[in-house]
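Data first, discussion second: the structure below is written as structure tokens.
Each value in this text was obtained by applying a stated rule to the coordinates, not by laboratory testing. Values in this document were obtained by computation on a predicted structure and should not be read as measured data. For neighbour counting, all protein chains shown are included, and Cβ atoms are generated from backbone atoms with ideal geometry for every residue, glycine included.
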Amino acid sequence: MPRLPLVCLLVLSACVQPLRLARDDSPTVLAHQSLRAPNPAERGSYQVRTMYYGSGRDKRRAVFRDSVTLRTQVVNGSKFATAPTPALGRDRKKYWGFGFDSLPVNGRVWYPEGNGPFPLVLIVHGNHNMKQFSDPGYGYLGELLASRGFILVSVDENFLNGNIRGENDARGWMLLQHLKVWKRFNDSAGSPFHNRVDLGNIGLMGHSRGGEAVAVAAAFNRLSHYPDDATISFDFKFGIRALVAIAPIDGQYEPANRPTPLENVNYLVIHGSHDGDVSSFSGLRQYSRIRFTDGQPWFKSAVWMYRANHGQWNTVWGNKDGGPASPRFLDLRGLVPEEAQRQMARVYLSGFLEATLKGKKEYLPIFRDHRVIGEWLPKTMYVTRFQESGYHAVANFGEDVEVGTGSVPGVTIAAESLATWKEGVIPLRWQNANTGHYGVWLGWNNRIAGTDTTKTGKAASYTLSVGDSVRTAWQIGGGSALVFSMAPTAATPGPRAAAKDTTKKDSTKTAGPKPRAPKPPPTPKKVPTAADSLPLEISIEAVDAGGTSARIPLSRYGVLRRPIEVTVLRRKGRDKSNFASQAELIPQTYVVPLADFRAAAPGFDPARIVTVRWVFDGTRAGTVLLTDIGFSNIDPAFLIPERR
Amino acid sequence: MRRAGTILSALLTLAGAASAQDHDQTPLVLLLPGGTRALGVGNAFVAGRGSEVLFYNPAQMFIIRGTTLSVERFGGASTLGTLSTVGPFGKVYLGAGVQYLDYHKGIGSSFYSLPADLTFRGPTNASSAAATVALAVRWKGVRFGAAGKYVEEHVGDLRDGGLAFDLGAARDIGRGTLGLSVQNIGKGLEILGQPGDLPTRVTLGAALPSILVSSYFDFTGFAAVSRERDGRIVPGAGVELIYQPVEGWTVIGRAGARRVRDLPGRAESPVTLGGSFGLDRLWLDYTFQPYRGPGSAHRIAIRIQ
């Protein structure tokens with residue numbers, strides 16, 4: 001009988017997922033700080049002040065009832081949000097003291113002491129227990145950004161939290177109501193913010209559902225009418241230049257049943273690998289939908305942080321993504337410390353706002369390649385996707401089903417000795433979900449099948465050729481860069497078949513009895529080996545019209561890391577059954593200046609580049625996903641100084 | 001609210017209507033707790049969850065599907081077995097259950113025994129059984145249920161059987177549940193000319209919302225009060241401390257108390273103790289009930305829900 005508890009304990013421990021973390025390569029990847037600029041996560045020189053604005057009669061929020069400096073009118077949001085049932089609507093109204101027809105415009109403000117004008121940044125929380133107020137959780141960003149000359153408003157949308165669905169249009173619309181209020185604050189002679197707000201440089205930041213809401217707000221900002229009820233006209237047209245989505249959801253609201261389209265805005269999305277709420281990098285969908293069409297300098301960047309969760313970017317939410325009982329079903333042991341996760345946010349969010357709202361170009365390289373800020377970032381692993389408005393797509397694999405052509409006329413694609421060559425939509429970690437974006441899967445095994453395991457054939461390759469018209473139209477030259485995104489997958493094709501020797505006579509076609517085939521050698525016993533965790537090594541080869549080729553290793557531009565399996569759930573086997581994949585497939589963007597090919601082969605002429613070849617010569621076998629291949633006349637500011 | 005009060009008082013009157021006649025109550029199986037968990041929480045299960053709620057309040061079947069098999073031993077003298085199953089069928093929930101008690105009747109003036117007698121092994125073989133079918137619907141946020149059952153009491157070679165009916169209603173109030181049931185409506189039985197009334201009772205009870213105590217512990221409680229046919233008021237209550245170390249694994253400790261009949265030399269203990277172990281949908285329940293007199297009762301159940 002005394003053994004019973006011990007047996008129970010053993011059985012229980014067998015049901016709990018052991019802590020499994022991928023080998024951290026940050027000591028290598030983040031070993032250097034090549035960006036020479038002040039750390040944007042450090043406090044600036046401004047004195048920070050705080051204030052509240054709001055209805056002044058909030059039943060539940062004492063600060064928005066008793067401490068408001070500026071009063072605001074309530075707004076009617078009943079066309080944008082409703083309770084799922086009348087009873088729940090009554091319950092909510094009873095709790096809050098107001099319905100969706102009289103929503104308060106409440107904000108807590110951190111602002112710099114000075115005359116300004118200062119860029120205005122709104123940050124909005126996402127869904128959470130509506131009785132545990134989320135808006136104070138961004139105080140750490142408020143203190144930082146205000147000290148650096150931004151006005152930061154943490155918007156109260158707690159009254160949209162809880163048990164309602166499909167309300168992200170309301171969340172986005174509320175942000176625009178706040179901007180209306182700020183326009184009034186700025187324009188009113190008696191206001192403490194009179195002429196102190198830079199309304200031409202507005203940033204919106206949102207977390208979780210709020211992360212989608214900022215995209216909705218930016219889309220509504222340019223529309224004349226509410227897409228789902230055109231009896232409501234819009235007249236916003238604010239100077240929103242920067243959007244930040246923190247672990248956002250996507251598709252909770254779709255205007256006119258279509259994914260929210262966005263163009264011509266700077267966009268940053270960050271997401272954690274161990275997100276216990278939005279457990280897949282769904283912000284990549286919005287990232288993919290952003291287009292740059294007006295010739296202005298815009299960029300977008302997506303940063304994935306290993307061991308970060310959903311809530312630690314908000315000090316109220318903390319590490320329990322599933323609520324107070326999270327330790328029962330979420331594995332919290334692998335998370336980075338809360339302060340480390342917030343430090344990442346300080347660096348990226350502050351750097352992004354400095355770059356996009358204040359024009360501080362020295363921070364632009366951060367969003368192209370995380371390796372340039374090795375000293376600023378918490379030591380864990382990151383993946384960065386990036387694109388700027390100078391980019392021209394050569395192949396993004398979504399336009400047709402012909403694998404031999406690119407996205408523009410004059411581009412042809414060929415492959416040699418590949419075991420896998422197929423195009424498809426890039427999946428998300430969630431089941432039956434994808435990024436809405438396409439790529440090509442390339443698998444190779446350079447070993448020749450047979451008993452001699454050292455025998456290898458010619459390295460497999462994937463070749464993309466561009467015509468004169470493309471080069472001319474895009475003005476590709478020495479200042480241009482080859483841009484593509486790539487992610488290894490877990491698949492490893494088997495050895496390739498030996499090439500047929502066509503010079504020998506086929507003896508099987510001779511007359512007479514068929515000779516008996518020699519007995520095949522016994523198949524060597526398969527010895528289980530640990531999965532190879534070393535990064536893949538491949539080369540990029542460029543050839544110009546004169547036939548000069550230059551080859552450089554991809555590892556110079558970033559680590560080609562094998563898939564990182566993540567276990568978010570505590571119960572053993574739950575991740576496998578709940579998700580389509582344990583690893584998120586996030587292609588890392590590589591920006592390879594064409595000048596680097598010239599440096600590798602001095603005779604190479606970037607202006608006459610005709611072929612780019614991915615040569616799978618450094619790793620014997622593997623599979624990669626390749627997407628977003630293009631050339632960019634990239635702003636040199638995105639490159640680290642020594643590469644300009 | 002006033003209308004609800006009127007209905008409640010009418011139901012209480014119904015339950016006590018025959019009290020003046022002072023007959024014994026039968027069948028014995030309907031005087032026993034219907035479920036293992038229920039026994040562990042002082043039989044206060046009118047707002048409980050699980051298939052065994054079929055024996056308390058058919059309206060609560062609407063909450064959860066499942067099947068439960070339980071066995072209870074009363075000392076070395078008697079054995080009770082129950083089987084209940086509940087599940088959705090279109091827009092309604094259907095349930096079926098069987099309760100069967102095998103016991104040995106002692107020598108006495110009445111043919112009808114009481115729960116306190118069950119740990120005594122008398123000279124006469126006896127059994128008591130009930131077979132129940134039930135239906136539950138939801139209307140305007142309130143769950144309603146009705147059950148019909150065939151009941152039978154055997155004492156030696158003598159027997160009598162008949163029909164009985166239950167009615168119930170339940171409603172969630174916040175995160176808790178309020179339940180009301182009227183059980184065992186029908187004509188009584190008669191063995192060798194000795195009439196026995198059905199143990200008609202009206203019960204009002206509540207299941208409290210689960211309260212998070214810490215990251216791994218929850219606490220919940222149940223309470224109910226019944227008015228029985230003979231006019232007795234029977235309160236009962238119980239609590240559960242729920243430990244969930246990892247999703248799908250649950251260990252529960254529970255304790256309950258209720259008013260019991262105190263008979264000369266023998267009685268059920270008012271206090272019960274129990275526990276459960278759950279692995280995903282599979283559960284094992286156990287409850288212990290001391291008896292004053294010989295032996296005590298142990299009840300185990302296996303349930304899938």
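Please report the Cα spread of the range A:26-389 along all three principal axes, rounded to whole Å, starting with the longest.
For the range A:26-389, the Cα spread along each principal axis is 57, 52, 40 Å.
What full-extension length gain, to one decimal in nm, is calculated for A:Asp452 and A:Ala256 as 0.36 nm per residue of separation minus the Cα-Cα distance?
64.5 nm
For the protein assembly as shown, max minus min Cα coordinate along each principal axis, in Å, sorted largest first?
Between the extreme Cα coordinates on each principal axis of the protein assembly as shown lie 118, 106, 51 Å.
Convex hull volume of the Cα atoms in the range A:418-495, per residue, in Å³?
Looking at the range A:418-495, the number lands at 158 Å³ per residue.
Per residue, what volume in Å³ does the Cα convex hull of the range A:352-404 take up?
Convex hull volume per residue, Cα atoms: 130 Å³.
Can you pull the one-decimal nm distance between simple spin-label points at B:Leu192 and A:Lys237, each 7 Å off the Cα toward Cβ?
10.1
In whole Å and largest first, what semi-axes does the C-alpha gyration tensor of the range A:154-228 yield when each eigenvalue is scaled by 5 and square-rooted?
Over the Cα atoms of the range A:154-228, the semi-axes work out to 25, 14, 11 Å.
Order of A:Val244, B:Val246, B:Val225 from fewest to most other C-beta atoms within 10 Å?
B:Val225, B:Val246, A:Val244
Rounded to the nearest Å, what's the spacing between the alpha carbon centres of the range A:551-594 and the range A:296-320? Just the number, please.
Rounded to whole Å, the Cα centres lie 17 Å apart.
Here are some pairs, A:Lys300/A:Lys422; A:Lys183/A:Lys379; A:Lys94/B:Lys140; A:Lys300/A:Lys458; A:Lys79/A:Lys358; which of them have Cα atoms lying more than 30 Å apart in this structure?
Correct reply: A:Lys183/A:Lys379; A:Lys300/A:Lys458; A:Lys79/A:Lys358.
Which FRET efficiency, nearest 0.05, do B:Tyr243 and A:Glu416 yield, Cβ-Cβ r, R0 56 Å?
0.40
Could you list, bin by bin from short to long, the percent of Cα-Cα pairs of the range A:309-372 in 10 Å steps?
Bin by bin from 0 Å, the calculated values are 20, 37, 25, 15, 2.
Would you mind counting up the charge near B:Lys187? Only other residues with Cβ under 14 Å from its Cβ, with Lys and Arg at +1 and Asp and Glu at -1.
-3
Taking the 0 to 90 degree range and rounding to the nearest ten, how far is the long axis of helix B:2-16 tilted relative to the main principal axis of chain B, both from C-alpha atoms?
30
Give me the Kirkwood hydrodynamic radius of the range B:2-304, using the inverse of the mean 1/r over all pairs of distinct Cα atoms, in Å to one decimal.
Here the Kirkwood hydrodynamic radius works out to 19.3 Å.
How large is ³J(HN,Hα), in whole Hz, for each residue of the range B:92-105 in order, when computed from phi with the Karplus curve 6.51 cos²θ - 1.76 cosθ + 1.60 and θ = phi - 60°, using x for Gly and Pro?
Rounded to whole hertz, the list is 10, 10, 10, x, 9, x, 10, 10, 9, 10, 10, 8, 10, 6.
With +1 on each Lys and Arg Cβ and -1 on each Asp and Glu Cβ, and nothing else charged, work out how big the dipole of the range A:215-255 is about its Cα centre, in Debye to the nearest 20.
The calculation lands at about 280 debye.
Cα centroid distance between the range A:114-186 and the range A:7-56, in Å?
Measuring centre to centre over Cα atoms gives 22 Å.
Rounded to the nearest 500, what is the 222 nm mean residue ellipticity of the protein assembly as shown from helices alone, with -39500 (n - 2.57) per DSSP H run of 4+ residues and division by all residues?
-4500 deg cm²/dmol
Treat the count of other C-beta atoms within 10 Å as a stand-in for reagent exposure and order A:Tyr382, B:Tyr100 from fewest to most.
B:Tyr100, A:Tyr382
Just the projected area, averaged over all directions, of the convex hull on the alpha carbon atoms of the range A:283-395: how many nm²?
The directionally averaged projection comes out at 8.9 nm².
How high is the FRET efficiency from B:Ser269 to A:Arg3, r the C-beta distance, R0 41 Å, rounded to 0.05?
Result of the calculation: an efficiency of 0.85.
Under a 5 Å amide H to amide H cut-off, with H placed in plane at 1.01 Å, what residues pair with B:Gly106 once short-range neighbours are removed?
B:Gly122
What are the extents of the Cα atoms of the range A:79-221 along their three principal axes, in Å, largest first?
Per principal axis, max minus min of the Cα coordinates gives 49, 29, 28 Å.
For chain A, build the charge dipole from Cβ charges (+1 Lys, Arg; -1 Asp, Glu) around the Cα centre, then report which of A:Gly203, A:Ala600, A:Phe185 sits farthest towards its positive end.
Positive-most Cα among the choices belongs to A:Ala600.
Going by how many other beta carbons lie within 10 Å of each one, how would you line up A:Thr463, B:Thr119, fewest first?
Least crowded to most crowded, the residues run A:Thr463, B:Thr119.
Could you please report the charge total around A:Asn264, scoring K, R as +1 and D, E as -1 over all other residues with beta-carbon less than 14 angstrom from its beta-carbon?
+3
Using only the Cα atoms of the range A:192-314, what semi-axes does the equivalent ellipsoid have when each is the square root of 5 times a gyration tensor eigenvalue? Give whole Å, largest first.
Ellipsoid semi-axes (Å, largest first): 25, 18, 15.
So, R0 is 60 Å and r is the distance between the beta-carbons of A:Val63 and A:His32; what FRET efficiency does that work out to, to 0.05?
The formula returns an efficiency of 0.85 here.
Could you bin all the Cα-Cα distances of the range A:366-479 into 5 Å bins starting at 0 and give me the percent of pairs in each, rounded to whole numbers?
So the P(r) values, bin by bin, are 2, 9, 13, 13, 15, 16, 15, 10, 5, 1, 0.
Please give the net charge around B:Lys140, taking every other residue with its beta carbon less than 13 angstrom from that of B:Lys140, where Lys and Arg add +1 and Asp and Glu add -1.
Around B:Lys140, the surrounding residues sum to +2.
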